[in-house]
1. Could you tell me which numbered condition Ile108 fails, if it satisfies all but one of (1) aliphatic (A, V, I, L, M); (2) within 12 Å of ligand 1 (Cβ to nearest atom); (3) farther than 24 Å from Val204 by Cβ?
2. When you look at Leu122, is it within 16 Å of ligand 1 (Cβ to nearest atom) and either in contact with a strand residue (DSSP E or B) (Cβ under 8 Å, 6 or more places away or on another chain) or assigned to a helix (DSSP H, G or I) (or both), yes or no?
3. Ile191 - would you say it is within 14 Å of ligand 1 (Cβ to nearest atom) and in contact (Cβ under 8 Å) with a residue 24 or more places away in the chain?
4. Taking Gly133 and the conditions (1) touching a helix residue (DSSP H, G or I) at 6+ places or on another chain (Cβ under 6 Å); (2) of a type in the set (Gly, Ala, Ser); (3) part of a loop (DSSP other than H, G, I, E, B), which numbered condition does it fall short on, given that it satisfies the others?
5. When you scan segment 187-248 for strands (runs of 3 or more DSSP E) that lie fully inside it, which ones turn up with 3 or more residues that are of a type outside the set (D, E, K, R) and closer than 16 Å to Val91 by Cα?
6. Scan (1) free of Cβ contacts under 8 Å to residues at least 24 places away in the same chain; (2) of a type in the set (Lys, Arg); (3) more than 26 Å from Lys5 (Cα to Cα) for the single condition Lys86 breaks and write down its number.
7. Find all pairs meeting these conditions: Cβ atoms under 6 angstrom apart; at least six residues apart or on different chains; first residue within segment 41-60 and within 13 Å of ligand 1 (Cβ to nearest atom); second residue part of a helix (DSSP H, G or I) and β-branched (Val, Ile, Thr).
8. State whether one or more residues within segment 198-210 are farther than 15 Å from Ala107 by Cα, out of contact with any Phe, Trp or Tyr (no Cβ under 8 Å at 6 or more places or on another chain) and aliphatic (A, V, I, L, M).
Amino acid sequence: MIALKSRDEIGLIRQAGRIAAQCIEELVTQIVAGNTPLELDRFAEEYIRKHGGLPSFKGYMGYPASLCVSVNEEVVHGIPTSRPFKEGDLVSVDIGVIYEEFHGDMAITVAVGKISAEKEKLVRITRESLYKGIEQARAGNHVSDISNAVQKHVEKHSFSVVRELVGHGVGRRLHEEPQVPNYGKPGEGPILEVGTVIAIEPMVNLGSPKVKVKNDKWTVVTLDLLPSAHFEHTIAITEKEPEILTLP
Ligand code: MF3
Ligand code: CO
C-alpha cells in the first residue's frame, strides 16, 4: 500500500525538505580540504534542531549520526569520521529531516577543490540522471518509468547503476512504499498517483556496479574501489509538474 499524502501533509514534507536543503547549502561551503565529516555532522545536527526539526537518520536502525558523508569509493551511508577532506575528493552528503512528524530526504555530491575530469563527468551525469527520473514522476506513470529513465542516462555515458539500494516512499516514515530502483524496464511496478511522495536517489559508479558493506555495518563501498556519486530529492506527484520538496 502506498500512503497518499494530503496537501497539508505535503506542506510539512516541504518544510522538512526546506530545512534539509538550506542546511546542505551551508554544508557545501564547509566541504573544503582540512575540514572533517564529523564537523559537518555536528553543524548539521545543530542546524536542524535550531530550525525546529529533528535529524531523521540519528538512531535509525542504530545509525549513529545525523548525516551520511561518503567519500570517493564510498557509495552511501558513510558514517562521519575525523578524517579530513583533501583536494580531489568526491564527497556525497545525505541528510534527512523530520518536521512535525514528516520526513524530507536529500543528497548531493560535491568536489573538494579540483577533481579529475572523469569524476567531474560522473557527478554531472548522476545529477542529470536524477532530473531524468524526476521528469517521469507523473500521475499515471509506473515507478519503473523513473527507474528506466535514470538507468538509460547513466549507461549511455558508460557509468553503472547500483542495484542493491533503491529510492523509496517518504512520509511519516523515512522509508515507505514504493521502492524506487534506479534500473528496470519501463511500464512496470506500481502506478504513481497524485499525492504519492518518493525519494529518487541514483547511486552511480564510475566502474563496476558491484558494492559491498564495510565492517562498520553501514558504509557501502564500490568493490573495485573506483569513485561513486549520489544525488537525491524528495518529490511529490501532483496534477501538474513533479514538485521537488527538498529545495532551499
Ligand atoms: N537517504 C538515505 C536512504 O534513504 C539515508 C538513510 S541513512 C540511515 O537510505 F542512516 F538513516 F539509514
Ligand atoms: Co533516501
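What follows draws every value from the coordinates through simple rules; no lab data is involved. For clarity, every value in this text was computed on a predicted model and none was experimentally measured. Please note: Cβ atoms are built from the backbone with ideal geometry, for glycine as well, and neighbour counts cover all protein chains shown.
1. So Ile108 meets the others, but not (3).
2. Taking the combined requirement at face value, the residue does not satisfy it.
3. Answer is no for this residue.
4. Going through (1) touching a helix residue (DSSP H, G or I) at 6+ places or on another chain (Cβ under 6 Å); (2) of a type in the set (Gly, Ala, Ser); (3) part of a loop (DSSP other than H, G, I, E, B) one by one, Gly133 breaks only (3).
5. Because the criterion is at least 3 residues that are of a type outside the set (D, E, K, R) and closer than 16 Å to Val91 by Cα, the strands (runs of 3 or more DSSP E) in segment 187-248 that meet it are 203-205, 220-222, 228-230.
6. Of everything listed in (1) free of Cβ contacts under 8 Å to residues at least 24 places away in the same chain; (2) of a type in the set (Lys, Arg); (3) more than 26 Å from Lys5 (Cα to Cα), Lys86 misses just condition (1).
7. Here the result reads Pro55/Ile48, each pair linking segment 41-60 to a residue that is part of a helix (DSSP H, G or I) and β-branched (Val, Ile, Thr).
8. Checked against the condition, which is being farther than 15 Å from Ala107 by Cα, out of contact with any Phe, Trp or Tyr (no Cβ under 8 Å at 6 or more places or on another chain) and aliphatic (A, V, I, L, M), segment 198-210 yields no hits at all.
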